[in-house]
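Peer 1: Sharing a structure with you now.
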Amino acid sequence: MPIVVDIDVMLAKRKMSVGELAERVGITPANLAVLKNGRAKAVRFTTLAALCDVLDCQPGDLLRWEPAEQLTP
């Protein structure tokens, strides 16, 4: 998927555990793991806003776009 989630980078910078972030954001650790590991198909803006609030960051600090590798014939 061309959208990469960098929650683990922000967690390391903030020295925060996944469990603590999940609790402070108000989502389950399992749902946070799905998002963190790039398996989520969508994220609600309210969840993204809560992540940014707790981690004191911008959405662009958590999400980035990487072009898909082009196939060569």
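Bear in mind these aren't lab numbers, they're just calculated from the coordinates by the rules spelled out. The structure displayed is predicted, hence computed values, not measured ones. Every residue, glycine among them, receives a Cβ derived from its backbone with ideal geometry; neighbour counts consider all protein chains shown.
Peer 1: Over the chain, what relative contact order in percent results from Cα pairs under 8 Å that are six or more residues apart?
Peer 2: 50 percent
Peer 1: Pick from ALA33, ALA12, ALA50: which is most flexible by mean-square fluctuation in a GNM of the chain where alpha carbon atoms under 10 Å apart are linked?
Peer 2: Highest fluctuation of the listed residues: ALA12.
Peer 1: Once the principal axes of the Cα atoms of the chain are found, what is the range along each, listed largest first in whole angstroms?
Peer 2: 48, 21, 20
Peer 1: What net charge is computed for the residues neighbouring ALA49, neighbours being all others with C-beta under 15 Å from the C-beta of ALA49, Lys and Arg scored +1, Asp and Glu -1? Write down the numbers at each step before the final one.
Peer 2: Working: positive: ARG24, ARG44; negative: ASP53, ASP56, ASP61.
For residues surrounding ALA49, the net value is -1.
Peer 1: Right, something else. Short version: ³J(HN,Hα) in whole Hz for each residue of the stretch 52-68, in order, from phi by Karplus 6.51 cos²θ - 1.76 cosθ + 1.60 (θ = phi - 60°), x for Gly and Pro, what are they?
Peer 2: Per residue, the Karplus-derived 3J(HN,Hα) values read 5, 5, 5, 8, 6, 8, 9, x, x, 6, 9, 10, 9, 9, 10, x, 5 Hz.
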